Amino acid sequence: MEYINLDMSDKEHHYEYIVSACLCGEKTRYDGKISISEKVKNLVDEGKAIMVCPEVDGGLNVPRLPCEIKGGRVLNVESEDMTDYFVDGAIKTLETAQKYGIKKAILKEKSPSCGSRLIYDGTFSKTLIPGEGITARLLRLNDIEVISDEEFEA
Ligand code: SF4
């Protein structure tokens, strides 16, 4: 699974935002489905945003088993510990932000990587709790403002 960003490194770029790739029509979600936001996709089309998918960048495939955070670890629905993939993807996302000097991110709510206000509670029962995903947390710890797609749409 790959998604393609235009490489504008040889031109002047104006990326203001990191955005979740699945919000732009890329089939990076665990279930291979799309969660498109036309408003977010427009930012990419206008060259103002660069897409990331921390889970794919961290080495996970599409489709993959659903994962949730429990006790500070990321477990899939078969209780396998997937934390290292999520941390790896978060670090790669931070590196992308730092490479382009980006200070804002618009990420998909409820994801164990991208969730910024709400995540699932680790019981795989569709129960949401206040919290943030691994990537959202790492970006915030590095002074990058993170908002959710829902806040951006509002
Ligand atoms: Fe979308 Fe983030 Fe999940 Fe990737 S990790 S599919 S960008 S919500």
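List of remarks:
- For the residues ILE119, ILE50, the requirement of being closer than 15 Å to LEU23 by Cβ and not in a loop (DSSP other than H, G, I, E, B) singles out ILE50.
- Among the residues listed as ARG29, ARG73, the single one being near the ligand (Cβ under 8 Å from one of its atoms) and open to solvent by 20 Å² or more (accessible area, probe 1.4 Å): ARG29
- The residue that is surrounded by the most Cβ atoms within 10 Å (Cβ to Cβ), among those in the stretch 89-112 that are of a type in the set (D, E, K, R) and in contact with a helix residue (DSSP H, G or I) (Cβ under 7 Å, 6 or more places away or on another chain), is LYS108.
- Apart from one condition, ILE119 fits all of (1) of a type outside the set (Ser, Thr, Tyr); (2) under 15 Å from the mean Cα position of the chain (by Cα); (3) away from the ligand (no atom under 12 Å from the Cβ); the exception is (3).
- The single residue among ALA154, ALA97, ALA90 that is modelled with pLDDT under 95 and of a type outside the set (Asp, Glu) turns out to be ALA154.
- When GLU55 is tested against (1) within 13 Å of the ligand (Cβ to nearest atom); (2) closer than 20 Å to GLY115 by Cβ; (3) of a type outside the set (Phe, Trp, Tyr); (4) surrounded by fewer than 20 Cβ atoms within 10 Å (Cβ to Cβ), exactly one condition is not met: (4).
- Residues of the stretch 113-154 satisfying the condition of being within 15 Å of VAL74 (Cα to Cα), surrounded by 18 or more Cβ atoms within 10 Å (Cβ to Cβ), touching a strand residue (DSSP E or B) at 6+ places or on another chain (Cβ under 9 Å) and touching a residue at least 24 places away in the same chain (Cβ under 8 Å): SER113, CYS114, GLY115, ILE119, TYR120, GLY122, GLY131, GLY133, ILE134, THR135, ALA136
- Index of the failed condition, ILE36 passing every other in (1) of a type in the set (A, V, I, L, M, F, W, C); (2) within 12 Å of the ligand (Cβ to nearest atom); (3) in contact (Cβ under 8 Å) with a residue 24 or more places away in the chain: (3)
The values are calculated or read from the model by the stated rules, or taken from the named source; none is laboratory data. Everything quoted here is computed from the prediction, not taken from an experiment. FYI the Cβ positions are ideal-geometry reconstructions off the backbone, even for glycines, and counts take in every protein chain you see. When the accessible area is computed, the model is the full protein with side chains, heavy atoms only, and any ligands, DNA or RNA have been set aside. Shrake-Rupley method; radii C 1.70, N 1.55, O 1.52, S 1.80 Å.
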